[in-house]
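The values are calculated or read from the model by the stated rules, or taken from the named source; none is laboratory data. Since the model is a prediction, treat every value here as computed from it, not as a measurement. Note that each Cβ is placed from the backbone with ideal geometry, even for glycine, and that neighbours are counted across all protein chains shown. Areas reflect the complete protein model, heavy atoms only, side chains present, ligands, DNA and RNA absent. Shrake-Rupley method; radii C 1.70, N 1.55, O 1.52, S 1.80 Å.
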Amino acid sequence: MLEAEKFAKTIAAVSDRVKSLSVPDELFVEPSFRAVYENPELFAVSAQALMARRDVNSQHKRIAALAMQRLSVDSFVALVVATADSVEQMASGVEVLEAVAFAPYNWGRQSLVMHHDQPPVQAVLTRLMNMPMLSLQRRASIREHILTGRAKLEYIDYMQMIGRPVRQ
């Protein structure tokens, strides 16, 4: 559990220095954020534990969520499940789940979008689509864009447009 506490302190320090998430890309100025973002598998279990904590504020959890956007598909699905659990247990707000599961296209690997056809991803997307805490618009987006594969095509087009083609 020592690693989880160290991770929580790292995220808190990043939050203290960045102050606001109005421009999330500013997180990359912080070397400790970049270290986590570039090696998320080392912190995946600690990030799951952080999401379940009631004593950690929403901003810290959102920073952790953004830092985890490059996890492998399996680890990412586990983080989304842990975060959804924490929302249902009222340990986290829905904005934390949004930050984990639906980060902007220019962040990370977009695992839910890119792997929408894999059974574990479909299961978590179906769970999210049925969560009343998520907005009707978000739930419709999951149903009509992500699960159908339309979001994947949009993401691939977007990444190509900004000069960062996606390897499939």
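Region 66-168: which trypsin sites (Lys or Arg not before Pro) are DSSP loop and have at most 10 other beta-carbon atoms within 10 angstrom? Display every interim value, and only then the final one.
Details: sites: Arg70, Arg109, Arg127, Arg138, Arg139, Arg143, Arg150, Lys152, Arg167; in loops: Arg70, Arg109, Arg167.
Sites meeting the loop and neighbour criteria: Arg167.
Mind checking which aspartates and glutamates have their C-alpha under 17 Å from Lys9, skipping anything on the same chain fewer than 8 residues away?
Answer for Lys9, where 17 Å is the Cα cut-off: Glu30, Asp55, listed by chain and number.
Using only alpha carbons, build the gyration tensor for region 1-52 and give me the equivalent ellipsoid semi-axes, biggest first, whole Å.
On the way: eigenvalues 73, 28, 18 Å².
In descending order the semi-axes read 19, 12, 10 Å.
Compute the accessible area per residue over the chain, keeping the other protein chains in place, probe 1.4 Å, unit Å².
Values: 8630 Å² over 168 residues.
Solvent-accessible surface per residue comes out at 51 Å².
Would you calculate, for the chain, the mean residue ellipticity at 222 nm contributed by helices, counting each DSSP H stretch of 4 or more residues as -39,500 (n - 2.57) and dividing by all residues, to the nearest 500?
On the way: 10 runs with 101 residues, N = 168.
Helix contribution divided over all residues of the chain: -17500 deg cm²/dmol.
Put +1 on the Cβ of every Lys and Arg and -1 on every Asp and Glu Cβ in the chain; which of Ile142, Met131, Trp107 then has its Cα farthest towards the positive end of the dipole?
Ile142
Roughly to the nearest percent, how much of the accessible area of the chain is carbon and sulfur, given a 1.4 Å probe?
On the way: 4690 of 8630 Å².
Looking at the chain in its full context, I get 54 percent from C and S.
Taking K and R as +1 and D and E as -1, what net charge do the other residues with C-beta under 13 Å from the C-beta of Ile156 add up to? Kindly include the intermediate steps, with their values, before the conclusion.
Working: positive: Arg109, Arg150, Lys152, Arg164, Arg167; negative: Glu154, Asp157.
Around Ile156, the surrounding residues sum to +3.
Take the alpha carbon gyration tensor of region 52-168, find the square roots of its eigenvalues, order them as a ≥ b ≥ c, and report rounded if a/c is under 1.5; if not, report prolate when a/b exceeds b/c, else oblate. Present the calculation step by step, with values, prior to reporting the outcome.
Numbers: a/c = 1.88, a/b = 1.42, b/c = 1.32.
Since a/c reaches 1.5 and a/b is larger than b/c, the shape of region 52-168 is classed as prolate.
Dipole of the chain, Cα-centred, from +1 at each Lys and Arg C-beta and -1 at each Asp and Glu C-beta, to the nearest 20 debye? Kindly include the intermediate steps, with their values, before the conclusion.
Details: 19 positive and 18 negative charges, 27 e Å.
Magnitude of the dipole: close to 120 debye.
Find which of Gly163, Gly93, Val80 sits farthest along the positive direction of the dipole of the chain, computed with +1 on the beta-carbon of Lys and Arg, -1 on that of Asp and Glu, about the Cα centre.
In the chain, that residue is Gly163.
How would you classify region 1-112 from its alpha-carbon gyration tensor, with a ≥ b ≥ c the square roots of the eigenvalues: rounded for a/c under 1.5, else prolate if a/b is greater than b/c, otherwise oblate? Provide the component values of the computation, followed by the final result.
Working: a/c = 1.24, a/b = 1.10, b/c = 1.12.
Rounded.
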